[in-house]
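Chemist: Below you will find the structure I want to go over with you.
The values are calculated or read from the model by the stated rules, or taken from the named source; none is laboratory data. Small disclaimer: the values here were computed from a predicted structure and weren't measured. Here the Cβ positions follow ideal geometry from the backbone for every residue, glycine too, while neighbour counts run over all protein chains shown.
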Amino acid sequence: MRRVMLLLLVLCLGLVIPPSGQAGESIKIGLAAAVSGGSAASGEAIKRGIQIAMDEVNAQGGVLGGRKLELVIRDDEGNPAKGVTIARELVEREKVVTIFGGLHTTVALAQVPVWHELSTPYMGAWAAGTEIARNGKSPNFVFRVSANDDYADKFLVRYATEVLKKSKPGLLLENTAWGQSNEVGLNKWLGQKSIKPVGIEKFNWNDPDMSPQLLRLKNAGADHIIMVANAPEGAQVVKSRAKIGWEVPMVAHWGISGGRFAELTGDLSDGVAFLQTYSFFGKQNERGQAVLKALKDKYGVKGPEEVIAPVGTANAYDGLHLVALAIAQAGSADGSKVRDALENLKAEYKGLIKTYKRPFTPDQHDALTDDDYIMVVWKGGKIVPVAMK
Amino acid sequence: MLVQLVVTGLALGSMYGLVALGYHITWVTSRTMNFSQGHAVMAGAVVAFAFYVGLGWPLWATVPATLVLLAIFGVALERVAVRPFFRAASAAWLLSTIACGIIAENVAMLLFGKDARAFPSALTQKPILVGGAGFYAQELLIPVVGLLLMGGVQLFYHRTAYGKQLKAVAYNPEAAGLMGIHIPRAVMFAYALSASLAGIAGILLAPILNVAATMGTIIGLKAFAVAIIGGLTSAPGIVVAGVGYGLVESFVAGYLSTGAREIVGFALVILVLVVRPWGLLGARPTRRV
Amino acid sequence: MVRLAWGLLAACAAALPLFTTNTYYLYVGASVGLLTIVTSGLNVLVGFTGQLSFGHAGFYAIGAYAAACLTTRAGWSPWAAMPVAIVVTALVGAGVAGAALRVTGPYLAMVTIAFGIIVEGILVEWVSLTNGPGGIFNIPKPTLRVSYWLIVAVAGFALVLVANLRRSGWGRAFLAVKGSDIAAESLGLSSYYVRIVAFSVSAAFAGGAGGLFAYLNGYISPDSFSLQTSILFVLALLFGGEGRVAGPVVGSLVLTLLPEVLTSLVDYRLILYGSLLMLSIYWLPVGVVGALAPRRGAEGDRDGERRRRGHGDPGAREHGRGGDGGQRRRKTEEVEGRSAEQALLTVEGASLAFGGVAALADVSLEIPTRGIRAVIGPNGAGKTTLLNALSGFYVPDGGAIRLDGTPVAGRPPYVIARRGVARTFQTAQVFGELSVLENVAVGITGAGLGSVVWALLGAPWTRRADWAARREARAALAEAGLTEWTDRPADVLPSGLRRRLEIVRALATRPRLLLLDEPAAGLSPSEIKELDAYLVRLREERGLAIVLVEHHMDLVMAVSDHVTVLDYGRVIAGGTPDAVRTNPAVIEAYLGATQ
């Protein structure tokens, strides 16, 4: 009996514990992402990007007259219902000004109504599902410094047709909402070039072997593969490709950068091309060097090969700076005002990925389009840019 | 393609069977099981990774060290999550082993990291090509080792004195106790053995599946299905069921689609149980009236 | 006191939106409500009927998707879509149960897991219906406040339904099957059918909650309906306390609030969650409610309470729409219609072997409609086996058993029971979780349970049938001298009284033939004399046929009209007590060869 009371007491205490940090002083920015489970590595990358940018902003005096920015993180466990709960918790209890999001398209989609109900801006740093930002709401509270599947698919198709000069694509997609979103996009952009995929094959997370799918695509006469996968599955695809001895060019969406793709595939990764918004390899601009240094100092990342899911970090980094500028422009921590400021950002921001001039407009909530993407390829465990001519 | 599918199916299936034997061993000794057996597979892979890649130990040291640690893990699990509830005749061990699984996965995530890592192996470097199909030597090694181990476990139970004692516990715990067999120790041994078998499966699968803190759940689930359709009380049934399930999965994924794989696989499980409610070779529990 | 607590809880729950506009609290409250609905239904399956299911996320999903599809694609109003979703889920539940409930324990768990995974897979693959992994959006949804109130109201309603069920004949039937399915079958209940009903009810609750979930969020996708969700349902129920009406509420509250409390400890959260679960499993093996309020009296006996407080007899009508009237009338006619000489039950050449050992070998006997026939023999002679064969629990390999001239060998025990054969068991099989009164009531109601839907709703005719059964049970207990134990849980009865309860319960089914398996075992000599008188009274007053398996020779010789002797599964003698007593073959069987 006493034990029951004790247990219940612990729980009640937890409920009345005030939210973290010194309230009132700092301005809180939330992060709702998968911190546990299969995509956790990419969630970690986003967190790092935000934190590094935040440290820079705070080092220069913070916002709104010296108030520091503070990051509050919650785990959505890849579950949409959980995503909605933490969304409300972050806004209602923690009183965050803006929330950065997450990895899963379904979670983001479930949260879209909540951002609008609670008038809190959302800055996506990864989930690329087209309808997240293009959600038909006005005013639209969802912003993104990330890939948009529609643009991404346009970009991939362009590469395959204009650079590789191939015309018989085999699509290999993961069997999730993200894969589904890309199936739509790829069919659309291929259709614009009057091309129909010779086959569309799917696979599930944690699948060990994709040889049957590849064999079917091979038998259907595919001359290149367009792949939408995360790192572990992408690695298995590449290994399966080697198993069946099929040397076919591969073009992939950015998912494979969300893990240790090169380590998992060994030298089989050579030649796999994929899209990124940014690469930490090669010559870095000033910001890139600063970020790499911060990654090393804070997180022990020794060099660009050790940066996991670099796009998460890059997107989130720029995203946070834009949000900070918006807060400054709005002159307040009110969600609606910050939203309006983001949509009409006056300041020019020389960011990591590019220079942002009026990144968002009422019709365009994706700061990056296919003009900003880059195509890179693995070579000897390093990522090397590839020309898009 | 057929050869490809058969090899993959045999490899995965024999591993399901090996892990499923773990369920069988603890069930027949104590009528309990580790509902998070899959996490033991993950632990095997993760611990082996820590020794082999992290510390750079050679394989011949890594494997035994991993197995010892896994056996300790099994014993600890039994002590903490099973024994307190075993006498009380409640199903609480079910929940406590699930809770242990949650803890294990998240501890692994903290210590091992959140992304999947590669487990290097000479046998997965170059594929062997036969006709239009290819497979890694590891995929051939797995069923061989798996079947040998399963055979070994069978021999142990049928031929050695201690093994026979353990079987006695299975048939009649009271009588076995009266004959001087130390029941708690027998149960402890069962859990240690069961965890070690799962650990071996983890080590064997690591080069093929990659090592990740989340790798265990689905394997544990399918191994459970295999244990059930083989018959929880029948080791040969489990071996057959394991290989069978692996092959079916492989063929369905290969000839139908990956999406259908789980649906068809688990629908077959239900079908088998409708036709043979206690598994293919399992014994119907006698109803005492 | 308990009512005060419930009232307070209901008031707080209802008033929450008036005190706060914090949508987080409202949403969490709604989540607690949804989980309460699901776990209440699961309670009927797990707590009342003792079957575990790890696939209820599948029913949750079917309810959610049915409601969502009907509203978004067919344009139905949510008020119309919800009932349809519930019915569809219940039907699927019945189907799954039909397949699953042939097995128990881990085998059943596996079938339910498989079902859950299949549903998840279908949600992803059947893109034209479900929109695949992307899910269905723009499901019309009311404001959060309205959703909250709606869900809380439905949750309260669900709890009321379950409480009604517990009080009714169906509730007793579930707990009977859980306590001892063998005894339940011997009283005419088909445990398979009862379990299917429990499963369907639990599926329906989950489906209803699923529909509400869809309308709460406006968006559903397959990732909300995974194995983890099913496990959460079970954890919440077992943590809160299965078998108790309040269990689901406590479990849902804690298991929804706990992750929220831990939510700021991002990296360690799940480790703490798992550890807290372990601690509570260890400290509270019967759940929170079980620890706070250990079972003292039976939960079901409200009118007994009322009577004790002097409120008089609720309702005075005899017949309920329980469907049991017909069964009883028929049996009385049959008893009166037959003459004492006609055989009620005949056994011809029955044989039964277990793994090569013959338990019964060519046994023939005739049991007339009245009289006490004893079956005796040394240990292992096959007496209990014979009883088991007569009551349908064992099927003979050869020979025939006829009741009223119709062959019954191979019919399931509950069929034979419904034809008027009742029995007791060597180890008394009382329904431990039911009160002594309720045990007898199970016998009275038998298979006449009526529709479970009326039982859930607490329909007036179900209540009347229930009261009638209780009244009759009370009278029977008074006659047997068990009045002081009426409302105690049956498992606190001392073993001598348990046997008596078993006999009272068996007699409550108004049998024509009563099989007693060693009723005198463990009784003191004076108690045996009482039993002796009781059996004779039964024979005289009720016109009953009794078959008595016994070792106590005094009892056997004193009450029997006829004695059959078995040895090694064969009938070696039969006749009056005196004849058998002096039969050399009998003496030899008991004492060994004589010179």
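Chemist: Would you mind telling me which numbered condition in (1) touching a Leu at 6+ places or on another chain (Cβ under 9 Å); (2) buried (at least 24 other Cβ atoms within 10 Å of the Cβ) A:Gly255 fails?
Modeler: (1)
Chemist: Considering each of B:Ile183, B:Ile218, B:Ile203, B:Ile229 in turn, give the residue that is in contact with a Pro (Cβ under 9 Å, 6 or more places away or on another chain) and either touching a residue at least 40 places away in the same chain (Cβ under 8 Å) or more than 19 Å from B:Phe112 (Cα to Cα) (or both).
Modeler: B:Ile183
Chemist: Check the stretch B:165-186 and report whether any residue there is among the hydroxyl-bearing types (Ser, Thr, Tyr) and loosely packed, with under 14 Cβ neighbours inside 10 Å.
Modeler: yes
Chemist: Quick check on C:Ala455: is it crowded, with 23+ Cβ neighbours inside 10 Å and either touching a residue at least 24 places away in the same chain (Cβ under 8 Å) or more than 17 Å from the chain's Cα centre (by Cα) (or both)?
Modeler: yes
Chemist: Continuing with the same structure: Every residue in the stretch C:96-152 that is assigned to a helix (DSSP H, G or I) and aromatic (Phe, Trp, Tyr), please.
Modeler: Across the stretch C:96-152, the qualifying residues are C:Tyr107, C:Phe115, C:Tyr148, C:Trp149.
Chemist: Is it the case, given these coordinates, that A:Asp372 is buried (at least 17 other Cβ atoms within 10 Å of the Cβ) and assigned to a loop (DSSP other than H, G, I, E, B)?
Modeler: yes
Chemist: To continue, here is another question. Of all residues in the stretch C:370-411, which are crowded, with 16+ Cβ neighbours inside 10 Å, within 14 Å of another protein chain (Cβ to nearest Cβ) and not hydroxyl-bearing (Ser, Thr, Tyr)?
Modeler: Residues satisfying the conditions are C:Gly382, C:Lys383, C:Leu386, C:Leu387, C:Asn388, C:Ala389, C:Leu390, C:Gly392, C:Phe393.
Chemist: Another one. Is it true that some residue in the stretch B:118-125 is β-branched (Val, Ile, Thr) and at pLDDT 85 or above?
Modeler: no
Chemist: Every residue in the stretch C:274-307 that is buried (at least 19 other Cβ atoms within 10 Å of the Cβ), away from chain B (no Cβ under 14 Å) and modelled with pLDDT of 55 or more, please.
Modeler: Passing the criteria: only C:Val289.
Chemist: Looking at (1) at the interface with chain B (Cβ under 10 Å from one of its Cβ atoms); (2) touching a Phe, Trp or Tyr at 6+ places or on another chain (Cβ under 9 Å); (3) more than 27 Å from A:Glu174 (Cβ to Cβ), which is the one condition that is false for C:Pro78?
Modeler: Of everything listed in (1) at the interface with chain B (Cβ under 10 Å from one of its Cβ atoms); (2) touching a Phe, Trp or Tyr at 6+ places or on another chain (Cβ under 9 Å); (3) more than 27 Å from A:Glu174 (Cβ to Cβ), C:Pro78 misses just condition (1).
Chemist: Is one or more of the residues making up the stretch C:241-257 within 21 Å of the chain's Cα centre (by Cα), outside any strand (DSSP E or B) and within 8 Å of another protein chain (Cβ to nearest Cβ)?
Modeler: Looking for residues that are within 21 Å of the chain's Cα centre (by Cα), outside any strand (DSSP E or B) and within 8 Å of another protein chain (Cβ to nearest Cβ), one finds none in the stretch C:241-257, hence no.
Chemist: Additional query: Determine, yes or no, whether A:Arg74 is surrounded by 24 or more Cβ atoms within 10 Å (Cβ to Cβ) and within 7 Å of another protein chain (Cβ to nearest Cβ).
Modeler: Yes; evaluated as a whole, the condition is true for this residue.
Chemist: To continue, here is another question. Taking helices (runs of 4 or more DSSP H) that do not extend beyond the stretch C:411-486, which have at least 2 residues that are under 26 Å from C:Ser391 (Cβ atoms)?
Modeler: C:413-418, C:436-445, C:460-479
Chemist: Could you please find all residues in the stretch A:220-236 being in contact with a Leu (Cβ under 9 Å, 6 or more places away or on another chain) and within 12 Å of chain B (Cβ to nearest Cβ)?
Modeler: Answer for the stretch A:220-236, where residues must be in contact with a Leu (Cβ under 9 Å, 6 or more places away or on another chain) and within 12 Å of chain B (Cβ to nearest Cβ): A:Ala231, A:Pro232, A:Gly234, A:Ala235, A:Gln236.
Chemist: Got at least one residue in the stretch C:22-41 being of a type outside the set (A, V, I, L, M), within 14 Å of chain A (Cβ to nearest Cβ), surrounded by fewer than 24 Cβ atoms within 10 Å (Cβ to Cβ) and not in a helix (DSSP H, G or I)?
Modeler: Checked the stretch C:22-41: at least one residue is of a type outside the set (A, V, I, L, M), within 14 Å of chain A (Cβ to nearest Cβ), surrounded by fewer than 24 Cβ atoms within 10 Å (Cβ to Cβ) and not in a helix (DSSP H, G or I).
Chemist: Any residue at all in the stretch A:91-102 that is facing chain C (nearest Cβ under 10 Å), touching a residue at least 12 places away in the same chain (Cβ under 8 Å) and not in a helix (DSSP H, G or I)? If you could, list the steps in order and put the result at the bottom.
Modeler: In the first step, residues of the stretch A:91-102 are kept if they are facing chain C (nearest Cβ under 10 Å); the result is A:91-94.
When the remaining residues are screened for being touching a residue at least 12 places away in the same chain (Cβ under 8 Å), the result is A:91-94.
With the extra rule that they be not in a helix (DSSP H, G or I), the set shrinks to A:93-94.
Among the residues of the stretch A:91-102, at least one is facing chain C (nearest Cβ under 10 Å), touching a residue at least 12 places away in the same chain (Cβ under 8 Å) and not in a helix (DSSP H, G or I), which makes the answer yes.
Chemist: Same structure again: Give, as residue ranges, the helices (runs of 4 or more DSSP H) completely inside the stretch B:33-150 that count at least 3 residues that are under 17 Å from B:Ala195 (Cα atoms) and touching a residue at least 60 places away in the same chain (Cβ under 8 Å).
Modeler: Working: elements: B:37-49, B:59-77, B:83-86, B:92-112.
Filter on the stretch B:33-150 gives B:37-49, B:59-77, B:92-112.
Chemist: Okay, next question. Do you know which of the residues in the stretch B:208-234 that are assigned to a helix (DSSP H, G or I) and within 9 Å of chain C (Cβ to nearest Cβ) is farthest from the chain's Cα centre (by Cα)?
Modeler: Per the stated criteria, the residue is B:Ile229.
Chemist: In the stretch C:1-21, which residues are within 14 Å of chain A (Cβ to nearest Cβ) and not in a helix (DSSP H, G or I)?
Modeler: Across the stretch C:1-21, the qualifying residues are C:Thr20, C:Thr21.
Chemist: Based on what the data block shows, is A:Ser211 within 14 Å of chain B (Cβ to nearest Cβ), over 23 Å from C:Val127 (Cβ atoms) and surrounded by 24 or more Cβ atoms within 10 Å (Cβ to Cβ)?
Modeler: For A:Ser211, the condition - within 14 Å of chain B (Cβ to nearest Cβ), over 23 Å from C:Val127 (Cβ atoms) and surrounded by 24 or more Cβ atoms within 10 Å (Cβ to Cβ) - is met.
Chemist: Could you check A:Leu172 against (1) more than 9 Å from every other protein chain (Cβ to nearest Cβ); (2) surrounded by fewer than 20 Cβ atoms within 10 Å (Cβ to Cβ) and say which number it fails?
Modeler: Failed condition: (2).
Chemist: Out of the strands (runs of 3 or more DSSP E) lying entirely within the stretch A:137-210, which hold 3 or more residues that are over 23 Å from the mean Cα position of the chain (by Cα) and touching a residue at least 12 places away in the same chain (Cβ under 8 Å)?
Modeler: In the stretch A:137-210, A:199-203 are the strands (runs of 3 or more DSSP E) which contain 3 or more residues that are over 23 Å from the mean Cα position of the chain (by Cα) and touching a residue at least 12 places away in the same chain (Cβ under 8 Å).
Chemist: Test B:Ile263 against the criterion of being modelled with pLDDT of 90 or more, more than 14 Å from chain A (Cβ to nearest Cβ) and buried (at least 16 other Cβ atoms within 10 Å of the Cβ), and give yes or no. Spell out how you get there, then give the answer.
Modeler: Details: modelled with pLDDT of 90 or more: yes; more than 14 Å from chain A (Cβ to nearest Cβ): no; buried (at least 16 other Cβ atoms within 10 Å of the Cβ): yes.
Answer is no for this residue.
Chemist: What about B:Pro58, is it surrounded by fewer than 24 Cβ atoms within 10 Å (Cβ to Cβ) and either over 30 Å from C:Tyr107 (Cα atoms) or basic (Lys, Arg) (or both)?
Modeler: yes
Chemist: Which pairs do you get when a residue that is under 30 Å from C:Val430 (Cβ atoms), found in the stretch B:262-289, comes within reach of a residue that is part of a helix (DSSP H, G or I) and modelled with pLDDT of 85 or more, reach meaning Cβ atoms under 6 angstrom, with the pair 6+ apart or on two chains?
Modeler: Hits for this filter: B:Val289/C:Ile182; B:Val289/C:Asn388.
Chemist: Does B:Leu256 fit the bill of being modelled with pLDDT under 90, surrounded by fewer than 24 Cβ atoms within 10 Å (Cβ to Cβ) and closer than 28 Å to A:Gly234 by Cα?
Modeler: Details: modelled with pLDDT under 90: yes; surrounded by fewer than 24 Cβ atoms within 10 Å (Cβ to Cβ): yes; closer than 28 Å to A:Gly234 by Cα: yes.
So B:Leu256 passes the test.
Chemist: Please indicate, with yes or no, whether at least one residue in the stretch A:327-335 is more than 25 Å from A:Lys68 (Cα to Cα), polar (S, T, N, Q) and at pLDDT 90 or above.
Modeler: Scanning the stretch A:327-335, I find no residue that is more than 25 Å from A:Lys68 (Cα to Cα), polar (S, T, N, Q) and at pLDDT 90 or above, so the answer is no.
Chemist: Okay, next question. Just to be sure before I move on: is C:Leu507 outside any helix (DSSP H, G or I), in contact with a helix residue (DSSP H, G or I) (Cβ under 9 Å, 6 or more places away or on another chain) and closer than 21 Å to C:Ser186 by Cβ in the structure I sent? Spell out the reasoning first.
Modeler: Values: outside any helix (DSSP H, G or I): no; in contact with a helix residue (DSSP H, G or I) (Cβ under 9 Å, 6 or more places away or on another chain): yes; closer than 21 Å to C:Ser186 by Cβ: yes.
Criteria not met by C:Leu507.
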